[in-house]
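Colleague: What follows is a single structure, and I will ask about it in a moment.
The values are calculated or read from the model by the stated rules, or taken from the named source; none is laboratory data. A quick note: this is a predicted structure, and the numbers were derived from the prediction, not measured. FYI the Cβ positions are ideal-geometry reconstructions off the backbone, even for glycines, and counts take in every protein chain you see.
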Amino acid sequence: MIVIHHLLVSQSERIIWLMEELGLPYDLRSYPREPTMAAPPIFRALHPLGQAPVIEDGDVVLAETLAIMTYILELYGHGRLRVVAGASGFADYVYWFHYSIGGLMPRAMQHMGAARTQAADEDPRAAAQRERFRWHLAMIDARVARHEWLAGDVFTAADIACHFPFGTMSQFATLDLSDYPGIRGWLGRIGARPAFQRAMRAAGHARDPAAHHLDTQ
Ligand SMILES: N[C@@H](CCC(=O)N[C@@H](CS)C(=O)NCC(=O)O)C(=O)O
């Protein structure tokens, strides 16, 4: 059985969610952060970079969210939660899946860092960063306003991969989605998924971590 090493309140919840969506069993080991917010030493013992998530599957020890998700989907997904090569929507699936951590996460981290800095308001570089982040929000909003899910009509791992900045991460920085009804609708559709609800409970959340965006609808 796959062991998921989960750092509480972190990106590793995506892996729990993926397993719940696939209906696969897993052995969940959850750890709180250190007082410095770092992951505890077990993560460094598992992988040189010492970050979550990490999974173990027999002899395989694997880090890096999208690597883990790809590994699970390819080995155990039986074609579910992804668009196979050649099928309609394949390019969209590949784009949104990889955009999640290649494009969105760095921007969202920057946004979170800037939102915490008081000087950010007067700093023209911070204003430019905010503007850039709005391009991302507008792009995602347009996509999920026109399509039910990021890859098109079908929920995929791309939705799981892109959700984190709008859920758990957005609890720690101001993220006003009032101008983005498409994103709020998408968050609502995700929040209604039983597998998502089970996963968030297992990950340690008392409620949907994106619920604060939906309260304002
Ligand atoms: N690119 C990595 C990033 C992993 C990462 O930043 N993990 C954070 C949790 S959100 C972490 O372990 N933070 C604690 C630390 O760095 O000590 C991935 O997508 O898996």
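Colleague: Restricting to the stretch 10-39, name every residue that is in a loop (DSSP other than H, G, I, E, B), hydrophobic (A, V, I, L, M, F, W, C) and buried (at least 20 other Cβ atoms within 10 Å of the Cβ).
Modeller: Matches in the stretch 10-39: A39 only.
Colleague: Give all pairs with beta carbons closer than 7 Å in which a residue from the stretch 97-110 that is free of Cβ contacts under 8 Å to residues at least 60 places away in the same chain and closer than 18 Å to R130 by Cα meets a residue that is surrounded by 19 or more Cβ atoms within 10 Å (Cβ to Cβ) and among the small types (G, A, S); count only pairs at least 6 apart in sequence or on separate chains.
Modeller: Listed by first residue and then by second, the contacts come to nothing, as the list is empty.
Colleague: Test A108 against the stated conditions and say whether it is in contact with a Pro (Cβ under 7 Å, 6 or more places away or on another chain) and closer than 25 Å to L8 by Cα.
Modeller: Here the answer is yes, as A108 does meet what is asked.
Colleague: Let me ask you something else. Testing G204 on (1) under 19 Å from R107 (Cα atoms); (2) within 16 Å of the ligand (Cβ to nearest atom); (3) surrounded by fewer than 19 Cβ atoms within 10 Å (Cβ to Cβ), one condition comes back false. Which one is that?
Modeller: All conditions pass for G204, except number (1).
Colleague: Still on this structure, I have one more. When you scan the stretch 1-55, how many residues do you find that are acidic (D, E), out of contact with any Lys or Arg (no Cβ under 9 Å at 6 or more places or on another chain) and more than 15 Å from the ligand (Cβ to nearest atom)?
Modeller: 1
Colleague: Would the stretch 44-58 turn up any residue that is under 17 Å from the mean Cα position of the chain (by Cα) and basic (K, R)?
Modeller: no
Colleague: Right, another one. Would you confirm whether or not the stretch 91-105 contains a residue that is of a type in the set (G, A, S) and modelled with pLDDT under 95?
Modeller: Scanning the stretch 91-105, I find no residue that is of a type in the set (G, A, S) and modelled with pLDDT under 95, so the answer is no.
Colleague: Looking at D123, D141, D179, which is the one that is among the acidic types (D, E), over 25 Å from I15 (Cβ atoms) and touching a Gly at 6+ places or on another chain (Cβ under 7 Å)?
Modeller: After applying the criteria, what remains is D141.
Colleague: Sort out which residues of the stretch 58-111 are loosely packed, with under 13 Cβ neighbours inside 10 Å, assigned to a helix (DSSP H, G or I) and away from the ligand (no atom under 16 Å from the Cβ), and write them in order of number.
Modeller: E74, L75, A91
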